[in-house]
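Novice: First the structure, which I've put down as structure tokens, then a few questions once you've had a look.
The values are calculated or read from the model by the stated rules, or taken from the named source; none is laboratory data. Keep in mind that this is a model prediction, so the values were computed, not measured. Here the Cβ positions follow ideal geometry from the backbone for every residue, glycine too, while neighbour counts run over all protein chains shown.
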Amino acid sequence: MNHKSGFIAIIGRPNVGKSTFLNRVVGQKIAIMSNKPQTTRNKIQGVLTQDDAQFVFIDTPGIHKPKHRLGDFMVKIAENTLNEVDAILFMINAEEGYGRGDQYILDRLQHIQSPIFLVINKIDLVHPHKLLELIELYKEKCDFEEIVPISALEGNNVDNLLEVLKKHLPEGPQYYPADQVTDHPERFIISELIREKVLELTREEIPHSVAVAIDSIEKRPSNAVYLQATIITERKSQKGILIGKQGSMLKEIGIKARKDIEALLGTKVFLELWVKVQTDWRNKQGQLHQFGFREDEY
């Protein structure tokens, strides 16, 4: 049997469902999900292994016009990825339809040699007529290899998309062990799970000014894991919001994050959280490096 394998970039405007799709195909949460844009900051690789194929999906940060050095970093990762892969999934939100942000991405796809597939996500939220109109509109915008409508959340047509992709992948080796679902270390996934809960529980003034540093991970003889982590934010007022009245917000973030971390590690977890202010960290190269945003790795 010929074995196929390849690297597939998932690109699209912020909040089109890239992380939801990635978690769906690998079968567990490796990319954080939020209804706030630009949730994904690093290039997250998810691996799906079948008997005759291995898909290595790369969930890139949403391509957008950057407003600070962290934004520059995120867009550079996304654009560099396009030149290194065997296929590209350009994902759009069926409910939002065509927008200027999509054209911004389409312009960047004009000189790409890899096959490009249009994936219309969230089809469960629109009438079939609107879907047909979208398909016709996008056919005129770019010469897509194929157009595949899906619902990543519901799982509709995702298996079909995988079959379509497999046909276009080159013959190749199995790059990762069959039971591996991501190339990111547990420490990174844990910090992302904590950040997800911050995004989920706080309002607009907080999300993008937050980073999470894992201070220590210790496995005790009881098999329980003791975790200490610090939530970094930019202003004192944000620190107050993150801690909450009598520590209520920080406690809720910790409870929700601990459940996901226990599911990831398969063991009892004790989680201690602190909040620290580091002014304007998103524009400081040294602090971006400290939190894992290194341009030279991409």
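Novice: Give the residue that is modelled with the highest pLDDT, with candidates limited to residues of region 19-33 that are over 20 Å from N160 (Cα atoms) and aliphatic (A, V, I, L, M).
Specialist: Restricting attention to region 19-33, the residues satisfying the condition of being over 20 Å from N160 (Cα atoms) are 29-33.
After this cut, where a residue has to be aliphatic (A, V, I, L, M) as well, the list is 30-33.
Working: I30: 67, A31: 64, I32: 59, M33: 55.
That would be I30.
Novice: Check region 159-180 and report whether any residue there is in contact with a helix residue (DSSP H, G or I) (Cβ under 6 Å, 6 or more places away or on another chain) and within 30 Å of K256 (Cα to Cα). Spell out how you get there, then give the answer.
Specialist: Within region 159-180, the first condition is being in contact with a helix residue (DSSP H, G or I) (Cβ under 6 Å, 6 or more places away or on another chain), and the residues that meet it are none.
No.
Novice: More than 19 Å from the chain's Cα centre (by Cα), among the aliphatic types (A, V, I, L, M) and not assigned by TED's automatic domain parsing to the domain that holds I253: does that describe V181?
Specialist: Taking the combined requirement at face value, the residue does not satisfy it.
Novice: Please tell me if F57 is out of contact with any Pro (no Cβ under 7 Å at 6 or more places or on another chain), buried (at least 21 other Cβ atoms within 10 Å of the Cβ), at pLDDT 85 or above and of a type in the set (F, W, Y).
Specialist: Yes.
Novice: Starting from region 98-110, take each residue that is free of Cβ contacts under 8 Å to residues at least 40 places away in the same chain and list its partners that are aliphatic (A, V, I, L, M), counting only C-beta distances under 6 angstrom and pairs at least six apart or across chains.
Specialist: Cβ pairs passing all conditions: L109/I116.
Novice: Could you please let me know if V212 is buried (at least 17 other Cβ atoms within 10 Å of the Cβ), assigned by TED's automatic domain parsing to the domain that holds Q278 and not in a strand (DSSP E or B)?
Specialist: Here the answer is no, as V212 does not meet what is asked.
Novice: Could I ask something else about it? Can you tell me which residue among L131, L165 is crowded, with 16+ Cβ neighbours inside 10 Å and assigned to a helix (DSSP H, G or I)?
Specialist: On inspection, the qualifying residue turns out to be L165.
Novice: How many of the residues in region 220-239 are surrounded by fewer than 14 Cβ atoms within 10 Å (Cβ to Cβ) and more than 10 Å from K268 (Cα to Cα)?
Specialist: Residues in region 220-239 being surrounded by fewer than 14 Cβ atoms within 10 Å (Cβ to Cβ) and more than 10 Å from K268 (Cα to Cα): 4 in total.
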